[in-house]
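The values are calculated or read from the model by the stated rules, or taken from the named source; none is laboratory data. This structure is a prediction, so every number in the text was calculated from the model and none was measured. Here the Cβ positions follow ideal geometry from the backbone for every residue, glycine too, while neighbour counts run over all protein chains shown.
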Amino acid sequence: MCGIIGYVGQQGHREVLLDGLERLEYRGYDSAGVALRDHEAVHLFRVKGRIATLRERMAGANFTARAGIGHTRWATHGAASVRNAHPHRTGNITLVHNGIIENFAELKNEITALGRVVKSDTDSEIVAHLFDIEIQNNKSLEEAVQSVTGRLRGAYAFVLMSDKEPDFLLGVRNGAPLLVGVGEGGNYLASDVQAVLSHTKKIVYLEDKEFVLCGDKQITVKRYDGREIVPVVNTLNWSADEIGRSGYPHYMLKEIHEQPMGLTRTLASNVQKGKKKLTLSGLEATDAKLGTFNKVSIVACGTSWHAALVGKFYIERFAKIPVEVDYASEFRYREPVLDERTLSLFISQSGETADTLAALREAKDRRAYAASLVNVQGSSIARESNSVLLTQAGPEIGVASTKAFTTQLSVLYLLALRLGRARGTLSSSQADTLLAELSELPFQMERVLGLSDNIDKLTHTLLRSKLWLFMGRGIHYPVALEGALKLKEITYLHAEGYPAGEMKHGPIALIDRASTTVVLCAPPEGESLLTQMREKVLSNLMEVKARGGKILAVGSEGDTELQGLSDAFLGVPRCSWGMSPLVLSIPMQLLAYYTAVHLGRDVDKPRNLAKSVTVE
Ligand code: M6R
C-alpha cells in the first residue's frame, strides 16, 4: 500500500520525485524518502511523517541528478520511523518497496549469518541485501532478478538503483502494482498513474513476474525467466488537471461535488446512444451468454462492497437472478460454489485491491465468467477480467471513497437493466423508462449538494455525540452502512449501520443521550412497500427517541411529520427506488466531511488508512 516512484531523465529529479510522491501520498503517509544519484554518490533523504516534511528536508538538495527513487510508506514491518523509512541502501543497492515479503524472517537469518548488518526492522531492506549479494558476485541486474525473485515469497513491487549500472532503474513486479510512464525526456516508474500523469499519458503496465530495465531513452521489459516482452503502450484518457484540488480545501469535498459530472460521464461512456437495444460498453458477453447465468456473485471490499449490496437489489429486481455478495477477504477462503453459469463481478475503484484481485483469480480458477467494475483503466483487476465495466469518476484521491461509489451504483443499475433485457425480465419500454431515471439523476444530485451549508451548520451541534448509528431499510440499508463507514474512517467516531428493524435485537442497548441516530426515511416514488415501511421506520425512530437518543432524519422534502419527530432534518428530492441510494449517499458524505473538518481531522489522509490496499 506504499507509493513508489522512480525517474531517470533530464528534468529536475527532486521536483519530479517530490511531486510524484505528493500524488501518491494517499497510499500511505507514515514516513517518506528520496534517493538521488548524481555523478559521484547516492544522496539519501528520509523523514518520519509526510511528504511536506520531506520537502523541507530536501530544500537544499539543489544538485543535478542522473536518476532517483522515492517512497511514501504505510507501515507493515516495523514502526513508522526514519530508520524504517525507504529508500533502503546497502552496498551497491538503493531500493524502495511496496508489498510484503512473507519469508523475510528466514531470509534475514540467512543474510545475518553471512555477517551482513540489517539496519531496519523492515522486510524491504532484506531484498536490498539479496540484490547486493548478487551484484557483489559480479552478476548483472538482470541476472540478479532471476536469482533474487526465486527466493522471495509474497506480493511486492520494488524499484532499485545499482551503483554498478548507474543509468538504469530496475522495476520488478509480482502482486503489487507497478507501471512505466514513457516520457519525452526520460522514463518513470510508479505505483499509480497519478504520480506520472503531469509528465506523460503513455503507460506500460507491468504484469506479475515481469521486470523492467528503465533508462532515460529506452525501456526493456522481460519475464523473470529472461523472455523479452514487447511492451504495450496505453494512452490514458485522464487529464493532469483532474488531479488537482481545483480550489477546494480537500479532495474529498471536490470529489463529492464532482458526482453529477462523474455520473454524466459514466452514462455517456457506458450507454451506446442511438441504438434501440440497451448495450453496456465493456460487457463482452452476448445476450445468449448472459442468458446462461443462473447466479451472480459480487465480490468487493469497503465502500465497493456497499455498492455490491445495492447491486444485489438492482439485479434481483430487474433481472430476477439470485445474487450473492461477499467480502473479497472472506470469499477467497470459503470454498465458494461457482461454475461456468456464474457471473462473477469484482468491484474496485482502484482495480488494485489485493483481496479483490485474489478473489477474481479464484473465481476464474473455478470457471466463472469474471467481469470487473473499476475506475482505473488498465488496473490489475481490469487486465485480468473477461469483461471490464468502467466508471468515469475520474481520479479519486481522497481516501474516503465518494464519487467512485455513486458511479459504481450507476453502472450496477445499468448492468441490471442489461441483464433484464437479455433474459427477458424487462421489456424494452420498461428498460427505457428505468434508463431515463438515471439521466435525471445529475440534476437531483446538484440539488442535494445544495444542502452543504445546512449540513455544515448542523454538524456543529452534533459534534459531542460519541456514538453514531445509521439506520435504513431495504435498498437504504447499504446506504446506512456506507454512511457509518464514511463517518468512522474520517472522524474516528464510533459509527455503525443497521437495518432499522434490527435495532430491537441488540443495538438499541447502545442508545443514550450521547448518541445520534441517523434515520434514512425517504420513501421512493411509487413504491408502496417502502411507503408502508416508512411507518415502521418511524416506529423505530420513536423507540430511539424514547431512550434519549438524538435523531437526525434524512427524508423527503416537505415531510413535516418526520421533521417534527427529529432533532435535525435534511430533506432530499423525491426520486425513484433505483435512484434513491445515490441521492441519499450525498448527505451521508457531507455529514462525515463537515464533522471531520470541525473535529480538525486530516480529511483526505485519515490515520492508519491508505487509499489502495495492495496487501492482504
Ligand atoms: O479500490 P477499492 O474500491 O477496491 O477499495 C476498497 C476499499 O479499500 C475502499 O472502498 C475503502 O473502504 C475506502 N476507504 C472507503 O471510503
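Listed here are the helices (runs of 4 or more DSSP H) enclosed by the range 222-320 that have at least 3 residues being of a type outside the set (Phe, Trp, Tyr) and surrounded by 23 or more Cβ atoms within 10 Å (Cβ to Cβ): 251-257, 259-270, 302-318.
For the range 373-381, the criterion of being β-branched (Val, Ile, Thr), in contact with a strand residue (DSSP E or B) (Cβ under 8 Å, 6 or more places away or on another chain) and not in a loop (DSSP other than H, G, I, E, B) is met by at least one residue. Kindly check whether there is at least one residue in the range 563-585 that is touching a strand residue (DSSP E or B) at 6+ places or on another chain (Cβ under 6 Å), more than 30 Å from Thr433 (Cβ to Cβ), of a type in the set (Gly, Ala, Ser) and not assigned by TED's automatic domain parsing to the domain that holds Ala307. Looking for residues that are touching a strand residue (DSSP E or B) at 6+ places or on another chain (Cβ under 6 Å), more than 30 Å from Thr433 (Cβ to Cβ), of a type in the set (Gly, Ala, Ser) and not assigned by TED's automatic domain parsing to the domain that holds Ala307, one finds at least one in the range 563-585, hence yes.
In summary, Gln444 fulfils each of the numbered conditions (1) surrounded by fewer than 24 Cβ atoms within 10 Å (Cβ to Cβ); (2) in the same structural domain as Thr353 (by TED's automatic domain parsing); (3) in contact with a helix residue (DSSP H, G or I) (Cβ under 9 Å, 6 or more places away or on another chain) with the single exception of condition (2).
Among the residues of the range 25-59, those identified as part of a strand (DSSP E or B), among the charged types (D, E, K, R) and surrounded by 19 or more Cβ atoms within 10 Å (Cβ to Cβ) are Arg37, Arg46. The residue list Gly548, Gly501, Gly558 contains one member that is within 33 Å of the chain's Cα centre (by Cα) and either surrounded by fewer than 21 Cβ atoms within 10 Å (Cβ to Cβ) or assigned to a helix (DSSP H, G or I) (or both), which is Gly501. Within the range 21-48, the set of residues being of a type in the set (Gly, Ala, Ser) and more than 18 Å from the chain's Cα centre (by Cα) comprises Ser31, Ala32, Gly33, Ala35, Ala41. Determine if the range 518-528 includes at least one residue that is away from the ligand (no atom under 16 Å from the Cβ), of a type in the set (S, T, N, Q) and free of Cβ contacts under 8 Å to residues at least 40 places away in the same chain. Within the range 518-528 (the criterion being away from the ligand (no atom under 16 Å from the Cβ), of a type in the set (S, T, N, Q) and free of Cβ contacts under 8 Å to residues at least 40 places away in the same chain), the answer is yes, since at least one residue qualifies. Considering the range 2-24, the residues that are crowded, with 24+ Cβ neighbours inside 10 Å and out of contact with any Leu (no Cβ under 9 Å at 6 or more places or on another chain) include one that is nearest to Ala80 (Cα to Cα), namely Leu24.
Regarding the range 443-452, can at least one residue be identified that is closer than 18 Å to Pro581 by Cα, part of a loop (DSSP other than H, G, I, E, B) and over 17 Å from the mean Cα position of the chain (by Cα)? Yes, the range 443-452 contains a residue that is closer than 18 Å to Pro581 by Cα, part of a loop (DSSP other than H, G, I, E, B) and over 17 Å from the mean Cα position of the chain (by Cα). So in the range 326-358, with the set limited to residues that are in a helix (DSSP H, G or I) and more than 11 Å from the ligand (Cβ to nearest atom), which one is surrounded by the most Cβ atoms within 10 Å (Cβ to Cβ)? The selected residue is Phe331. Tallying residues that are assigned to a loop (DSSP other than H, G, I, E, B) and closer than 14 Å to Ser124 by Cα within the range 60-79 yields 6. Which condition breaks for Arg464 when tested against (1) surrounded by fewer than 24 Cβ atoms within 10 Å (Cβ to Cβ); (2) more than 16 Å from the ligand (Cβ to nearest atom); (3) in a helix (DSSP H, G or I)? For Arg464, the failing item is (3). Looking at the range 130-204, none of the strands (runs of 3 or more DSSP E) lying wholly inside it contains 3 or more residues that are among the aromatic types (Phe, Trp, Tyr) and either closer than 25 Å to Val42 by Cα or in contact with a His (Cβ under 6 Å, 6 or more places away or on another chain) (or both).
Go through the range 1-24 and give me each residue that's assigned to a loop (DSSP other than H, G, I, E, B) and over 12 Å from Gly70 (Cα atoms).
Met1, Gln10, Gln11, Gly12
For the range 359-375, filtering for residues that are within 12 Å of the ligand (Cβ to nearest atom) and surrounded by fewer than 24 Cβ atoms within 10 Å (Cβ to Cβ) leaves 0.
The residues listed here are Val603, Val613, Val583; of these, the one that is outside any helix (DSSP H, G or I) and away from the ligand (no atom under 11 Å from the Cβ) is Val603.
Each residue in the range 403-459 was checked for being hydroxyl-bearing (Ser, Thr, Tyr) and either within 16 Å of the ligand (Cβ to nearest atom) or free of Cβ contacts under 8 Å to residues at least 24 places away in the same chain (or both), and 6 pass. Scanning the range 297-323 for residues that are of a type outside the set (D, E, K, R), more than 17 Å from Leu338 (Cα to Cα) and away from the ligand (no atom under 14 Å from the Cβ) yields Phe313, Tyr314, Ile315, Phe318, Ala319. When Gly60, Gly33, Gly28 are checked against the criterion of being under 24 Å from Gly351 (Cα atoms) and of a type outside the set (Ser, Thr, Tyr), a single residue qualifies: Gly28. So, in the range 378-402, how many residues would count as being in contact with a helix residue (DSSP H, G or I) (Cβ under 9 Å, 6 or more places away or on another chain) and away from the ligand (no atom under 13 Å from the Cβ)? Matching residues across the range 378-402 total 9.
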